[in-house]
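*Asks:* Okay, handing you the structure first.
The values are calculated or read from the model by the stated rules, or taken from the named source; none is laboratory data. On a predicted model such as this, the values are computed, not experimentally measured, just so you know. Please note: Cβ atoms are built from the backbone with ideal geometry, for glycine as well, and neighbour counts cover all protein chains shown. Side chains are part of the model used for accessible areas, which takes the heavy atoms of the whole protein and leaves out ligands, DNA and RNA. Shrake-Rupley method; radii C 1.70, N 1.55, O 1.52, S 1.80 Å.
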Amino acid sequence: RLRGWFHASRNGATVLVVHGGNGDRTGALAHARVLERGGYGVLVYDARGRGESDGSPSGYGWGWSKDVEGALDYLTGRADVDPARIAGLGLSSGADVLLEVAADRPELGAVVADGAAAMSWQDGQRVGGPSLEAAAGWVMFQAIDVLTGEPRPRVLEDRVAAMEAPLLLISADRAAEYDFTALYAAAAGGPVEHWNLPDVTHTRGLRDRPGEYERRVLAFLGRV
């Protein structure tokens with residue numbers, strides 16, 4: 001059972017907000033408030049094992065696809081939600097899992113992915129890197145596989161290529177996160193924008209450049 005908060009829409013559209021891997025819904029409230037000010041309905045919840053939700057936690061989002069599926073089922077089952085006007089906004093691991101599932105859920109008419117990177121060793125292999133880092137990543141993800149007992153996430157580059165919904169990818173700095181986001185932008189099967197913030201740290205765009213961030217995200221969502 002997942003716990004969350006829902007705020008009804010004033011403009012007819014609703015956004016599912018998925019927080020980052022080491023937090024809970026409170027870490028995404030600033031983003032939820034931006035959407036609420038823009039007139040959007042918002043659902044923000046605690047992922048499994050986080051906050052007040054049941055289950056075992058996973059910082060890399062393994063198993064979170066089922067959480068997103070359940071959240072979308074909840075939204076489409078509400079009489080006050082237009083199933084043709086649902087979007088998603090994810091932060092960090094929340095961005096990753098939205099990229100993983102979006103192609104399978106046509107209800108997601110648009111996706112904002114802030115801080116997407118890797119969910120699996122296979123994702124890292126698509127970007128490449130020093131062999132020592134690759135070996136360390138393989139060990140880490142093998143441990144996640146054993147400890148979570150969840151199915152391995154699908155390769156994000158392939159999942160993004162299967163998407164048709166408009167996609168706004170937001171990356172910080174010019175390190176690995178930028179490389180992953182550029183890879184996904186190049187692979188995207190639908191309309192895509194890649195907005196890089198070289199002077200901002202991971203998922204801190206709203207905090208460090210609030211006016212620009214709010215305008216960019218709301219403008220993107222307003223076109224879909």
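*Asks:* Could you calculate the FRET efficiency of residue 201 with residue 33 from 1/(1 + (r/R0)^6), where r is the beta carbon distance between them and R0 is 30 Å, rounded to 0.05?
*Replies:* In this case the efficiency is close to 0.90.
*Asks:* Right, next: Count the net charge of all other residues whose Cβ sits under 13 Å from the Cβ of residue 126, scoring Lys and Arg as +1 and Asp and Glu as -1.
*Replies:* -2
*Asks:* How much accessible surface area, in Å² rounded to 10, belongs to the heavy atoms of residue 192 with a 1.4 Å probe?
*Replies:* Solvent-accessible area, nearest 10 Å²: 60 Å².
*Asks:* Next question. Taking all protein chains as present, what is the carbon and sulfur share of the accessible area of region 146-224, in % to the nearest whole number, probe 1.4 Å?
*Replies:* With neighbouring chains kept in place, the figure for region 146-224 is 52 percent.
*Asks:* I need the shape label for region 1-59. Rule: rounded when a/c is under 1.5, else prolate if a/b > b/c, else oblate, with a, b, c from the alpha carbon gyration tensor.
*Replies:* prolate
*Asks:* Can you show me the helix-derived [θ] at 222 nm for the chain, built from DSSP H runs with n ≥ 4 at -39,500 (n - 2.57) apiece and divided by the number of residues, rounded to the nearest 500.
*Replies:* Result for the chain: -12000 deg cm²/dmol, rounded to the nearest 500.
*Asks:* With a probe of 1.4 Å, find how much accessible area the chain has per residue, and write the answer as a whole number in Å².
*Replies:* Computed with neighbouring chains in place, this is 44 Å² per residue.
*Asks:* In square angstrom, rounded to the nearest 10, how much accessible surface does residue 223 have for a 1.4 Å probe?
*Replies:* The accessible area comes out at roughly 150 Å².
*Asks:* Still on this model: For helix 176-187, report the angle its Cα long axis makes with the longest principal axis of the Cα atoms of the chain; keep it between 0 and 90° and round to the nearest 10°.
*Replies:* 70
*Asks:* Compute the acute angle (0 to 90°) between the alpha-carbon long axis of helix 131-148 and the principal axis of greatest extent of the alpha-carbon atoms of the chain; round to the nearest 10°.
*Replies:* Taking Cα atoms only, the helix is inclined about 60 degrees.
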